[in-house]
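Let me begin by presenting the structure, written as structure tokens, before commenting on it.
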Amino acid sequence: AQTVTQSQPEMSVQEAETVTLSCTYDTSESDYYLFWYKQPPSRQMILVIRQEAYKQQNATENRFSVNFQKAAKSFSLKISDSQLGDAAMYFCALSGTYKYIFGTGTRLKVLA
Amino acid sequence: NAGVTQTPKFQVLKTGQSMTLQCAQDMNHEYMSWYRQDPGMGLRLIHYSVGAGITDQGEVPNGYNVSRSTTEDFPLRLLSAAPSQTSVYFCASSYSLEGHYGYTFGSGTRLTVV
């Protein structure tokens with residue numbers, strides 16, 4: 001069975017600082033994709049970043065980057081220069097057969 | 001460029017009532033799906049469709065029906081609402097059937113069953 005685990009229900013970060021959100025997963029597939037989604041208070045699910053499992057290079061999108069450790073089945077999200085607008089729920093997701101498997105989410109608070 | 005449109009945004013139902021949550025996309029995506037989001041449980045797949053006329057069950061299908069008569073529309077029907085169906089519902093679509101480029105989500109429907 002495919003699983004995604006986010007062990008940090010809540011995290012806090014000072015504005016302008018860096019924070020890392022953790023995600024571990026399990027899958028028997030050799031070809032898969034991993035995603036981080038942001039859900040602000042508006043409830044909209046926004047794709048932050050995606051990683052292709054067969055690519056060793058870690059994905060980056062502006063202030064967002066991932067640390068993808070395939071052997072350890074770990075996929076953490078690093079947010080640099082945190083901004084107040086980064087405050088949201090963050091979900092890690094794994095591509096499955098015609099579906100995504102989501103983690104339970106990490107609520108990120110950004111302190112001014 | 002509307003993307004994925006869900007209606008209504010909020011709904012309160014009485015136990016036993018039925019209703020349909022609407023979902024429409026204008027991106028010509030073949031793949032569409034419905035998820036429910038509950039506190040502490042992430043998002044769970046209810047039903048999905050890989051094209052017009054083709055639907056299948058997800059992880060939590062009981063109490064819900066779907067149909068896909070057109071590429072654009074994928075409504076979710078609650079047959080007889082129960083308090084356990086109180087949740088936030090998301091419709092999602094994808095260009096690729098495998099979702100490798102990410103899903104586009106609607107803005108969600110908050111449903112309360114009393």
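Of note:
- Working note: Debye formula, equal point scatterers on the alpha-carbon atoms of region A:1-93, no solvent; log10 I(q)/I(0) at q = 0.20, 0.21, 0.23 Å⁻¹ is -0.98, -1.07, -1.26.
- Residue with peak Gaussian network fluctuation, chain A [Cα springs, cutoff 10 Å], from A:T97, A:T24, A:T60: A:T97
- Diffusion coefficient, µm² s⁻¹, Stokes-Einstein with Kirkwood Rh over alpha-carbon pairs of the protein assembly as shown at 37 °C and 0.692 mPa s: 182
- Rounded to the nearest 20 debye, the dipole size of region A:57-112 about its Cα centre is 220 debye, using +1 on the Cβ of Lys and Arg and -1 on the Cβ of Asp and Glu.
- DSSP bridge analysis restricted to the protein assembly as shown gives an antiparallel fraction near 90%, rounded to the nearest 5.
- Accessible surface of A:D81 - all protein chains present, 1.4 Å probe, nearest 10 Å²: 80
- Zone residues, region B:67-84, relative to B:T15, backbone N less than 14 Å from point 7 Å out along Cα-to-Cβ: B:80-84
- Legend: mean number of C-beta atoms from other chains within 10 angstrom of residue C-beta atoms, peptide B:99-111, equals 5.
- The residues of region A:91-112 listed by number as losing at least 40 Å² of accessible area in the complex, against the isolated chain and with a 1.4 Å probe, are A:Y98, A:K99, A:Y100, A:F102, A:T104.
- Charge tally around A:L111: other residues with Cβ under 10 Å, Lys/Arg +1 each, Asp/Glu -1 each, net -1.
- Solvent-accessible area per residue, Å², over chain A with all protein chains present [probe radius 1.4 Å]: 49
- Gap separating the Cα centres of region A:1-78 and region B:17-76, nearest whole Å: 25
- Anchor A:K109: lysines whose Cα lies under 24 Å away (excluding residues fewer than 8 positions away in-chain): A:K38, A:K78
- Shielding by partners - mean other protein chain Cβ count within 10 Å, residues of A:32-45: 4
- Contact order, relative form, for chain A: 38 percent (alpha carbon pairs under 8 Å, 6 or more residues apart, mean separation divided by residue count).
- Cα→Cβ-extended label distance, 7 Å offset, between A:D81 and A:N58, nm: 1.8
- Accessible area buried by the pairing of B and A, both sides summed with a 1.4 Å probe, works out to roughly 1900 Å².
- Accessible-area composition of chain B, carbon plus sulfur, in percent [1.4 Å probe]: 51
- Surface exposure of chain B, expressed per residue as accessible area with a 1.4 Å probe, stands at 45 Å².
- Amide H contacts of A:L108 (H built 1.01 Å from N, under 5 Å, at least 5 apart or other chain): A:M11, A:A88, A:M89, A:Y90
The values are calculated or read from the model by the stated rules, or taken from the named source; none is laboratory data. All values derive from a computational prediction rather than experimental measurement. Ideal geometry is used to build each Cβ from the backbone, glycine not excepted, and the neighbour counts take in all protein chains shown. SASA here: full protein model, heavy atoms, side chains in, ligands and nucleic acids out. Shrake-Rupley method; radii C 1.70, N 1.55, O 1.52, S 1.80 Å.
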